[in-house]
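Here's the structure, in structure tokens; my notes come after.
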Ligand SMILES: Cc1cc2nc3c(=O)[nH]c(=O)nc-3n(C[C@H](O)[C@H](O)[C@H](O)COP(=O)(O)OP(=O)(O)OC[C@H]3O[C@@H](n4cnc5c(N)ncnc54)[C@H](O)[C@@H]3O)c2cc1C
């Protein structure tokens with residue numbers, strides 16, 4: 001066992017950290033969020049040029065052959081700046097599905113573009129009724145000659161309005177809740193019959209409701225095997241959870257540190273707030289929960305990197321712990337800032353809102369506790 | 001001791017229901033006209049427009065049980081929009097500390113809801129440490145006016161209020177709590193500048209208020225000069241019981257169950273989800289106890305006297321319950337709790353659920369932050385003395 005970063009990993013961590021601290025101040029972030037698509041295209045290109053997008057892809061696919069640990073390093077830094085660019089949807093989720101399930105031809109057609117930033121992917125897995133269950137799929141895909149025809153709707157799809165392709169889970173057989181009978185497709189976003197309704201999310205990012213009406217895709221665009229997409233989706237979602245939890249851990253670190261700094265500056269009753277023992281204890285708890293989440297993040301990330309889906313239970317544990325404790329840290333940061341914590345002027349409120357959204361993604365704390373206990 | 005309602009109480013309950021149903025808002029009706037009419041009708045019932053006011057000032061003189069019945073019945077129905085600043089907070093202070101002239105001048109418009117008030121307490125340097133306030137009021141040479149200068153922050157509804165009750169400093173030579181003076185003045189005048197502050201849910205409810213050379217006649221002072229702290233504190237106790245919002249929580253919890261019941265899970269709804277059910281049950285149990293803590297405090301406080309330190313207990317418990325209710329409502333929204341724009345899918349309550357949760361974080365900050373409230377209970381209720389103090 002070894003917790004040290006390799007020399008290359010340290011270089012990446014430093015370069016992401018520098019990028020975030022140079023570019024992601026609260027005001028500039030709000031400006032990027034207001035741009036069409038909800039992020040800054042130049043940053044997207046810069047990230048591609050710095051090689052970050054190639055990290056989790058194999059050398060055969062043109063990447064650097066990294067694993068979940070490399071993604072974790074990037075995401076933790078992104079969490080500190082509330083980075084808006086769609087790294088998780090495109091690289092971790094969409095890219096993760098294509099690299100695992102795409103044919104040689106499809107990988108060769110798509111992955112270079114994903115890594116140089118000219119293509120942007122996303123994943124449509126949830127439906128209006130499905131809440132957090134990946135197996136609850138009504139959207140259907142019917143074989144028709146060499147094509148499949150997709151009909152249905154996908155919910156809360158991240159950054160879909162700027163995406164070139166959407167990875168979609170659809171039912172090719174079986175009943176609504178069956179794990180068998182789900183197939184993943186790579187659907188060009190400009191395919192006929194794809195329409196979307198896009199809107200901001202409370203954390204300043206963007207999502208879409210997507211409707212598929214008689215959308216025709218070639219069977220060459222099937223990812224993995226027909227009817228067997230659930231396992232592939234599960235693997236991809238594990239990576240997504242790890243990435244978002246790494247982001248949350250970065251965010252939690254900023255929250256507890258900002259709170260320590262603020263309470264040392266703010267004076268009430270002729271004392272800095274940090275003199276009050278009850279606040280000291282609360283900050284100690286914030287710090288401890290951050291460290292616990294970080295430990296669980298390392299544990300889950302290394303386990304998944306080593307043994308894939310066999311580490312699922314640890315990922316449930318991680319998502320539960322991060323969901324629960326990141327909200328504790330966020331609520332505490334707001335509470336200890338008093339009225340200032342309730343405003344949009346300080347970054348802590350923005351961190352807090354991002355953590356709420358992360359909790360609601362891929363199953364909240366309660367959901368994963370039940371999965372873990374089951 | 002028994003829990004049954006007496007025959008008289010049952011008759012009262014029926015009367016309350018008849019009143020509320022008879023005066024319910026009818027779709028299409030002019031809202032404001034209905035609102036004013038509702039308060040008027042409640043007044044004619046014998047002070048039902050100001051349930052907490054003492055009888056000598058036109059209140060109904062209800063027993064604790066009657067208050068309980070009123071709260072329960074009003075909470076489950078739509079009653080007109082109201083703000084606490086006038087009727088709940090300022091009015092009892094005018095009754096206790098105001099002159100007869102002040103009572104005659106201000107109480108009628110507070111009661112009819114014609115005049116909206118806001119609370120000018122907090123300042124950038126005076127939050128929990130309210131007595132640290134610096135907004136200065138200087139008496140003019142002729143002794144007829146105060147000239148007020150300073151900045152108030154977090155002033156709820158300052159942008160829609162007609163008047164402000166404002167804590168000012170008239171003496172800074174002694175202890176901070178001495179030298180505070182309680183003044184009333186209109187908002188709509190030169191020298192009062194209101195700037196919005198946007199809070200986490202994107203709402204505009206609080207403001208920064210800059211006060212420059214505002215001239216306030218001495219008749220608008222409540223209580224003696226330099227003795228405003230007693231008025232300020234008395235008012236806060238009334239504010240706190242209001243913030244606890246127990247009866248609203250009873251309704252909010254029912255609404256939450258109803259909303260969760262519309263969220264499909266497998267063959268049932270979110271209300272069949274064991275994790276969610278358990279959290280709702282825990283909330284309900286806390287609420288049942290808090291409801292009776294409130295009743296006990298109502299019973300012990302003889303009508304008209306200020307609520308005691310129990311108001312701190314109710315504030316802590318009540319706000320915790322409200323925050324948990326809001327959190328569960330947000331959770332019920334699931335994935336859609338993140339949606340912030342105009343979306344076409346998902347549960348209709350999702351966005352409001354998240355906004356409500358964010359707004360609820362302030363409940364443990366305003367009206368005395370929870371940490372400071374615990375200090376108050378330790379000191380005033382438990383009598384714990386700190387050495388060296
Ligand atoms: C939505 C909203 C509406 C409001 N409306 C009004 C209004 O209408 N009128 C008005 O006058 N004010 C209003 N306020 C202001 C409110 O009363 C103050 O925010 C509150 O008193 C706390 O002060 P502060 O914000 O300066 O926080 P601070 O006093 O700086 O407190 C920050 C944190 O430190 C803790 N703390 C402070 N002192 C101690 C101590 N001695 N021991 C332990 N912990 C301590 C607090 O509990 C809190 O967690 C409103 C505030 C909000 C958020």
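Details
- Subset of the range B:173-191 [more than 17 Å from residue B:117 (Cα to Cα), more than 14 Å from the ligand (Cβ to nearest atom) and more than 14 Å from chain A (Cβ to nearest Cβ)]: B:173, B:174, B:178, B:179, B:181, B:190, B:191
- Some residue of the range B:192-209 being loosely packed, with under 15 Cβ neighbours inside 10 Å, more than 14 Å from the ligand (Cβ to nearest atom) and in a loop (DSSP other than H, G, I, E, B): no
- Residue under evaluation residue A:262, criteria (1) within 14 Å of chain B (Cβ to nearest Cβ); (2) more than 27 Å from residue A:87 (Cβ to Cβ); (3) in contact with a strand residue (DSSP E or B) (Cβ under 9 Å, 6 or more places away or on another chain), criterion not met: (3)
- Applying the criterion of being more than 23 Å from residue B:336 (Cα to Cα) and more than 23 Å from the chain's Cα centre (by Cα) to the residues of the range A:155-177, the residue that is surrounded by the fewest Cβ atoms within 10 Å (Cβ to Cβ) is A:175.
- Helices (runs of 4 or more DSSP H) completely within the range B:35-121 that count 1 or more residues being within 14 Å of chain A (Cβ to nearest Cβ) and either within 16 Å of the ligand (Cβ to nearest atom) or modelled with pLDDT of 95 or more (or both): none
- Test: residue A:341 is part of a helix (DSSP H, G or I), buried (at least 19 other Cβ atoms within 10 Å of the Cβ) and without any contact (Cβ under 8 Å) to a residue 12 or more places away in the chain: yes
- Test for residue A:321: is it over 14 Å from residue A:258 (Cβ atoms), touching a helix residue (DSSP H, G or I) at 6+ places or on another chain (Cβ under 6 Å) and at pLDDT 95 or above: yes
- Condition check for residue A:282: closer than 27 Å to residue B:154 by Cβ, within 11 Å of the ligand (Cβ to nearest atom) and either within 14 Å of chain B (Cβ to nearest Cβ) or touching a residue at least 40 places away in the same chain (Cβ under 8 Å) (or both): yes
- Within the range B:338-349, at least one residue is more than 10 Å from chain A (Cβ to nearest Cβ), touching a residue at least 12 places away in the same chain (Cβ under 8 Å) and over 21 Å from the mean Cα position of the chain (by Cα).
- Unmet criterion (only one of (1) buried (at least 24 other Cβ atoms within 10 Å of the Cβ); (2) within 14 Å of chain B (Cβ to nearest Cβ); (3) at negative phi) for residue A:150: (2)
- Of all residues in the range B:196-205 being free of Cβ contacts under 8 Å to residues at least 60 places away in the same chain and facing chain A (nearest Cβ under 8 Å), the one that is farthest from residue B:186 (Cα to Cα): B:198
- Helices (runs of 4 or more DSSP H) contained entirely in the range A:1-96, each with at least 1 residues that are closer than 23 Å to residue A:330 by Cβ: A:7-23, A:26-34, A:68-81
- Subset of the range B:131-157 (residues that are under 20 Å from residue B:119 (Cα atoms), part of a loop (DSSP other than H, G, I, E, B) and more than 14 Å from chain A (Cβ to nearest Cβ)): B:135, B:157
- Selection from the range B:360-389 of residues that are out of contact with any helix residue (DSSP H, G or I) (no Cβ under 8 Å at 6 or more places or on another chain) and within 10 Å of chain A (Cβ to nearest Cβ): B:372, B:375
- Against the conditions (1) surrounded by fewer than 21 Cβ atoms within 10 Å (Cβ to Cβ); (2) under 30 Å from residue B:353 (Cβ atoms); (3) under 20 Å from the mean Cα position of the chain (by Cα), residue B:154 satisfies every one except (1).
- For the range B:232-278, the candidate set comprises residues that are within 11 Å of chain A (Cβ to nearest Cβ) and surrounded by 18 or more Cβ atoms within 10 Å (Cβ to Cβ); within that set, the residue that is modelled with the lowest pLDDT is B:265.
- Number of positions in the range A:341-374 that are more than 9 Å from chain B (Cβ to nearest Cβ) and within 16 Å of the ligand (Cβ to nearest atom): 2
- In this entry, residue A:267 is excluded by the filter for residues that are surrounded by fewer than 16 Cβ atoms within 10 Å (Cβ to Cβ), in contact with a helix residue (DSSP H, G or I) (Cβ under 9 Å, 6 or more places away or on another chain), closer than 30 Å to residue A:297 by Cβ and modelled with pLDDT of 95 or more.
- Yes/no for residue A:273 being within 16 Å of the ligand (Cβ to nearest atom) and either farther than 30 Å from residue A:3 by Cβ or in the same structural domain as residue A:193 (by TED's automatic domain parsing) (or both): yes
The values are calculated or read from the model by the stated rules, or taken from the named source; none is laboratory data. Quick caveat, the model's predicted, so the values are computed rather than measured. So basically every Cβ, Gly included, is an ideal-geometry build from the backbone, and we count neighbours across all protein chains shown.
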